[in-house]
Amino acid sequence: MAIATKTVKRPTQLRLPIIPENSGESVLNEKDAVFTDPNFSSNKTLPIHRWVPWIAGFSSGFVKSALNGYLKKKGTVLDTFCGVGTTIVEATLGGHNAIGFEINPYAALASRVKANAYHLDLNEFASAIEDFRRFYKKMATSNYEPQSAPPQGFKTRALFYNPLVLHKVLTVQDFVLSIEDDNLRDLFRLAFASTMVSYSNYSYEPSLGRRVSAGREEIHDFPVAKAITDKLFDMMEDITWMQEKMERNNLEVQIINDSFFNCSNHLSPDSIDLVITSPPYLNNYHYNRNTRPQLYWLGYAHSPDDLKKIENMNFGKFWQTVRDLDRLDLSFALPNTDIGERLQTLRTLNNEKGTYGGNGWANYAAAYFNDCHRFAEGIHYVLKCGGTALVVIGNSILQGVMIPTDEYFGKIAESVGLELVKIDIPRATRVGNSIIQSDVRVGKAKLHHQLYEAVVVLRKS
Ligand SMILES: C[S@@+](CC[C@H](N)C(=O)[O-])C[C@H]1O[C@@H](n2cnc3c(N)ncnc32)[C@H](O)[C@@H]1O
């Protein structure tokens, strides 16, 4: 598609929230540092961060305070599990080089598009939006038959889109496919992918399920093009803000769509100044299953095998994949902790429930901590001497047994040669988005057990 250059007409009044330079969150010194709440929800209204909602992402304020406190000079920041790029965006806004690993191609796309937004030509973007509006208006008033088709392998129990909505979605796909410039096309793909569930018969509760099961009505018709155009306008507004805010520079930004466990294939040892990250928690939240619609519609998955491949790379495995094993044990020794006893206690609980009993959950916890061990080794490999890693991690309650993941992870990190500087707990009660809160498990939890999120601070000396 030919894209003519013209002046950007800013489509809406700028209504960006004003972010104070330091947000009152700067860290005084490492020992006294008190982190802000790492929860993602505050990102939902912030420029760039608001583009793609992501369960269990963390807040930009947290990342900003971490950068202020732990990186005095310009350096290289790594997010080992970068999700939709909160760390990457904040690091580049702060003038640092940034690297992110992410196995989910949809999340990796989001991180990449955000990271590249700084270089985008806004005039071309504005033209493409205008072209889209014109194309869509014309097609909507004719008997247009879209050439695109729904992704073949994408099967859902209920109809994902009702016919009127589907027709509109396919019309949008026709336009998106016609965009020749890769960067512009990716912006449109992301605008579609980040809104696509909102006009489907599914919703996030927080796992993806049928709207009717959550007491909501099906969606028979919807202003699809408007939803996408609104998103595109938000993006344009935010990129304008970003380009005004950032000094021109040649920052190096790299999003690696691979497992962090393969870090030695991509990064040199001792190359990172600061790691800011949050691995999946021990709560079985299935990022890949919950992004099935985006993975299929964006062309990253064509069959269940494609999802399986991503699932197999996932940090900590999933309960469903290890619960039937006779016994999965820790692959490392951790003297002076009760991790072995705690997993053994869990293993003996509710055995009458067979595969749903304690043994399956102990297998899951062991698989999780085995990956914590590989993760800690990876941090040790990439960090420069004197470098720091800040790891946000939530605890867990399995079959009523509290698993202090933060403490165990800290000990594991020590066992691979990292220094455990401290563990901060900025938020004592984690609510809402953890499926661990389901009746099955929380109902059994002892009253004094609370879900919390901790920041584990590690250093390589
Ligand atoms: C808690 S989320 C991180 C969210 C991120 N902090 C943000 O603000 O968007 C964890 C992420 O780790 C990714 N992930 C899981 N296993 C991984 C692995 N082995 N290597 C890289 N990423 C992985 C998941 O797909 C998920 O996006």
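A few notes on this one:
- Lys, Arg +1 and Asp, Glu -1 on Cβ, resulting dipole of the stretch 119-245 about Cα centre, debye, nearest 20: 680
- Those aspartates and glutamates that a straight Cα-Cα span of less than 16 Å connects to Lys422, excepting residues fewer than 8 apart in one chain: Glu30, Asp32, Asp406, Glu407, Glu414, Glu453
- With respect to the chain, whose longest principal axis is taken over its alpha-carbon atoms, helix 304-313 is tilted by about 40°.
- Mean residue ellipticity (222 nm) of the chain, computed from DSSP H runs ≥ 4 via -39,500 (n - 2.57), nearest 500: -12000 deg cm²/dmol
- Sorted ascending by nearby beta carbons within 10 Å, beginning with the fewest, Met402, Met139 become Met402, Met139.
- Rg then Dmax, both in Å and based on the Cα atoms of the stretch 119-245: 15.7, 46.
- In degrees, nearest ten, helix 358-382 long axis to first principal axis of the chain (Cα): 80
- Simple Cβ-charge dipole of the stretch 266-415, Lys/Arg +1 and Asp/Glu -1, about Cα centre, in debye nearest 20: 380
- This ranking places Asp326, Asp306 by how few other beta-carbon atoms lie within 10 Å of each, fewest first, which gives Asp326, Asp306.
- Sorting Cys82, Cys385, Cys372 by the number of Cβ atoms found within 10 Å of their own Cβ, with the fewest placed first, yields Cys385, Cys372, Cys82.
- A DSSP coil position with no more than 15 other Cβ atoms inside 10 Å describes the following GluC sites (Glu not before Pro) in the stretch 174-283: Glu180, Glu217, Glu218, Glu247, Glu252.
- Separation of alpha-carbon centers, the stretch 168-234 and the stretch 92-108, rounded to whole Å: 23
- Across all directions, the average flat footprint of the convex hull enclosing the Cα atoms of the chain is 22.9 nm².
- In the chain, Cα pairs under 8 Å separated by at least six residues give a relative contact order of 17 percent.
- Violating pairs (Cα-Cα greater than 28 angstrom) within the set Lys74/Lys308; Lys317/Lys353; Lys64/Lys168: Lys74/Lys308; Lys64/Lys168
- Helix axis angle, 122-140 relative to the chain longest principal axis, alpha carbon, degrees: 70
Each value in this text was obtained by applying a stated rule to the coordinates, not by laboratory testing. This structure is a prediction, so every number in the text was calculated from the model and none was measured. We place every Cβ from the backbone using ideal geometry, glycine too, and count neighbours over all the protein chains shown.
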